[in-house]
Amino acid sequence: MTIPTTPDATRGALRALLPVLAGHRAMAVRTFAAALADQAALVALVTLTAHTVGTAVLAHRAPPPATVALLAGLVALRALATWREMDLSHDLAYRVLAALRIRVFDGLARSAPARIAGRRSGDLAAAALGDVEALEFFYAHAVAQLAATGLVFAAGAAVLAALLPWLLAAVLPAAALLAAVPLVDGRGRAARGARTRAAAAELSADAVETVDGLRELLAFNALGRRRERLRERGRRLGAAQRAEQTWEAGAGAVRDLLVVGAVAGTVAVAARAVATGTLPGAWAPAAMALALGVLAPLADAAAALGQAGGLRAAASRVGAAAHAPAGAPPPQEPRPLPPGRLGVRLDGVHFGYGGAPVLNGLTLTVRPGETVALAGVSGSGKSTCAHLLARFWDPAAGTVALLPATGDPVDLRDLAEPDLRRAVAVVGQEAPLFHGTLGENLRLAAPDAPDERVRAVAALCGVDRIAAGLPHGYATPVGERGATLSGGQRARIALARALLTAPRVLVLDETTAHLDTEGDAELARALAAGAPDRATLVIAHRPATLRRADRIAVLSAGRIVADGPWAALTARPDGPLAEVLTNDPDRGPGDGGGEP
């Protein structure tokens with residue numbers, strides 16, 4: 001799924017993010033009230049000041065104490081309201097952004113891996129963090145202020161009309177143009193904003209990849225080329241930002257001209273009215289101040305509206321992530337999963353990733369207590385079977401079900417997610433570790449597991465030896481994605497944390513590919529210790545791993561073409577298993593990888 005960034009796709013993106021304010025309705029009302037008090041106090045202050053000065057000049061008398069006290073009160077009110085509006089608006093904005101971040105992460109989790117497949121981590125970070133952060137301006141400086149500005153302008157226009165209807169003729173055209181320009185230029189602002197956000201996302205993605213791949217870039221003397229690529233991304237972002245800001249500067253100049261022109265028109269109308277005796281002389285400067293007082297916030301609101309329009313691309317990306325449909329929707333009425341041992345069955349499964357089908361009527365059963373190896377050449381769909389068993393996707397046709405020892409099969413689509421995760425554990429070839437300690441990574445799926453259980457599983461998988469070789473044992477940080485550990489060590493930890501949950505179905509997707517022959521055999525013994533209590537599906541290409549399974553299922557052209565024990569399948573030198581072992585490019589010399 002792609003995130004829309006075109007002007008058509010971003011239309012209404014900001015409006016779609018307004019409902020999130022519903023959860024903060026009370027604070028939004030207080031923010032509006034503070035903004036209204038702030039703007040109203042300013043307009044009243046400048047208008048009353050101008051009238052007081054006009055009266056003093058024309059009548060040659062000092063303002064009465066009540067007027068002075070009122071002016072002082074307006075100054076204090078304006079200061080308090082300004083501080084309160086800034087405090088409330090930013091508090092509201094950061095609360096809303098926190099809620100949006102949760103929604104974005106929930107959306108990515110709900111739709112993963114379909115949504116994030118093929119997307120770069122820097123691009124995901126831009127959507128999850130950068131785009132959400134960009135919306136701070138919209139929530140802090142646009143929503144409440146726009147509403148307050150509209151109300152203050154309406155009140156000010158009513159006062160001007162009461163003083164002299166012709167004063168509106170000088171103010172209304174400028175007000176209409178100030179309000180219309182951001183709306184007329186909405187598509188252009190959205191396009192410029194989309195270019196800026198896209199350039200920022202590209203730079204973020206390249207920067208993250210560069211940091212992740214520094215060792216490889218240094219090893220292959222490619223850091224210079226990568227640095228030039230980052231410079232080019234930075235130049236593109238700078239060009240997009242300059243184009244956006246240049247346009248905004250020009251728009252700001254136009255807004256200032258409109259305000260100045262309207263004030264000048266107000267002065268001309270008021271001067272003529274004073275000359276003809278239809279307006280008292282002291283109200284001429286007051287009318288000018290009132291016109292400026294209601295038009296200046298309107299110009300600021302137009303600027304805010306324009307800048308908010310440039311955020312449509314960010315809002316669209318955030319909205320698309322937050323409302324992403326689930327790749328595997330939750331069941332309406334979850335079925336309970338019976339206790340005891342489980343098996344698993346893929347029955348008549350069809351599945352594809354949008355192109356040619358990967359699985360084409362596949363049927364495979366793993367009975368409780370059985371270990372089945374799934375073999376096939378690269379790209380034959382082995383990992384797709386693991387993804388379906390983890391319910392990252394649902395099959396297009398057919399069923400994926402758990403088989404209780406007694407009772408009817410339970411379709412994965414009928415299971416609540418917590419029940420599914422407790423029953424089925426899938427360990428991939430590149431199971432990532434997180435930035436934290438070895439112990440924290442080991443307890444990822446079972447944070448409350450007793451220490452005795454953790455030590456027993458760690459010893460079973462050889463993780464205790466890894467901990468013994470680290471400076472602080474289980475309290476040693478392993479680095480982002482386990483960068484301080486070898487591939488074989490990460491595989492041991494990934495398997496141990498899966499076994500710590502005592503799954504009833506265990507799926508190993510090339511988990512031991514990074515292990516040498518001795519390490520593979522050692523983990524095989526660890527798996528054998530609990531094998532009678534679960535169903536185990538091992539996706540592998542290493543002959544030694546395949547040989548240890550109770551049965552081997554050979555996958556080709558999207559279906560199982562052979563199924564049986566090692567001896568039976570290898571008895572045919574030209575059979576499907578022999579073809580896989582001969583032609584699989586993943587199986588390197590010496591039967592597989594090593595464990596540094």
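No value in this document is a laboratory result; all are computed from the given coordinates. All values reported here derive from a predicted model rather than from experimental measurement. Reconstructed Cβ throughout: ideal geometry from the backbone, glycine too, with neighbour counts over all protein chains shown.
Pulled fully out, how much extra length does the chain show between Asp408 and Ser556, if you take 0.36 nm times their separation in residues and subtract their Cα-Cα distance? Could the numbers behind the result be given before it?
Details: separation 148, 0.36 × 148 = 53.28 nm, distance 2.94 nm.
Length gained, Asp408 through Ser556: 50.3 nm.
Quick one: P(r) of the range 123-274 from all Cα-Cα pairs, 10 Å bins, percents rounded to integers, in order of increasing distance.
Here the calculated profile for the range 123-274 is 9, 25, 24, 17, 12, 8, 4, 1, 0.
According to a simple spin-label model (label point 7 Å from Cα along Cα-to-Cβ), what is the distance in nm between Ala397 and Asp574?
Using points 7 Å along Cα→Cβ, the separation is 3.2 nm.
What size of dipole, in debye to the nearest 20, comes out for the chain about its Cα centre when the only charges are +1 on Lys and Arg C-beta atoms and -1 on Asp and Glu C-beta atoms? Present the calculation step by step, with values, prior to reporting the outcome.
On the way: 60 positive and 53 negative charges, 238 e Å.
Here the size comes out at about 1140 debye.
For the range 7-322, compute the orientation-averaged projected area of the C-alpha convex hull (one quarter of its surface), in nm². Working shown, then result.
Values: hull surface 78.8 nm².
Computed as one quarter of the Cα hull surface, the answer is 19.7 nm².
For the range 342-583, just run the numbers: alpha carbon Rg, then divide by 2.2 N^0.38 Å, N being how many residues it has. Write out the running numbers ahead of the final one.
Values: Rg = 17.9 Å, N = 242, 2.2 N^0.38 = 17.7 Å.
So the range 342-583 has a normalised radius of gyration of 1.01.
Residue separation times 0.36 nm, minus the C-alpha to C-alpha distance between Ala33 and Leu58: what's the value?
Details: separation 25, 0.36 × 25 = 9.00 nm, distance 3.69 nm.
That works out to 5.3 nm of additional length.
Find out how many positive minus negative residues lie around Val46, taking Lys and Arg as positive, Asp and Glu as negative, among other residues whose Cβ is under 14 Å from that of Val46.
After counting each charged neighbour, the total is 0.
Using only Cα atoms and rounding to the nearest 10 degrees, what angle (0 to 90) does helix 312-322 make with the longest principal axis of the chain?
40
Between the alpha-carbon centers of the range 338-404 and the range 26-62, tell me the distance in whole angstrom.
Computed from Cα coordinates, the inter-centre distance equals 72 Å.
With unit charges on the beta carbon (Lys/Arg positive, Asp/Glu negative), name the residue among Ala79, Thr52, Phe105 whose Cα is farthest towards the positive pole of the charge dipole of the chain.
Of the candidates, Thr52 comes out farthest on the positive side.
Through the Karplus equation 6.51 cos²θ - 1.76 cosθ + 1.60, θ set to phi - 60°, convert the phi angles of the range 133-139 into ³J(HN,Hα) values in whole Hz; use x for Gly and Pro.
Ordered by residue, 3J(HN,Hα) equals 5, 4, 6, 4, 4, 4, 6 Hz.
Report, in whole Å, the centroid distance computed from the Cα atoms of the range 274-326 and the range 218-270.
The range 274-326 and the range 218-270 have Cα centres separated by 20 Å.
What FRET efficiency, computed as 1/(1 + (r/R0)^6) with R0 = 30 Å and r the Cβ-Cβ distance, is obtained for Thr210 and Ala249, rounded to the nearest 0.05?
Details: r = 33 Å, r/R0 = 1.10.
Calculated value: 0.35.
Enter the angle in degrees (range 0 to 90, nearest 10) between the Cα long axis of helix 451-461 and the first principal axis of the Cα atoms of the chain, meaning the one along which they spread out most.
Taking Cα atoms only, the helix is inclined about 60 degrees.
Take Arg455 and Glu518, extend 7 Å from each Cα along the Cα→Cβ direction, and tell me the distance between the two endpoints in nm.
2.6
On full extension of the chain, what length is gained from Arg229 through Ala268, given 0.36 nm per residue of separation minus the C-alpha to C-alpha distance? Walk me through the numbers on the way to the answer.
Numbers: separation 39, 0.36 × 39 = 14.04 nm, distance 5.86 nm.
That pair, Arg229 and Ala268, stretches by 8.2 nm at full extension.
Could you state, as a whole-number percent, how many of the C-alpha pairs of the chain are farther apart than 37 Å? Mind dumping the intermediate values first?
On the way: 93947 of 177310 pairs.
Beyond 37 Å sits 53 percent of the P(r) for the chain.
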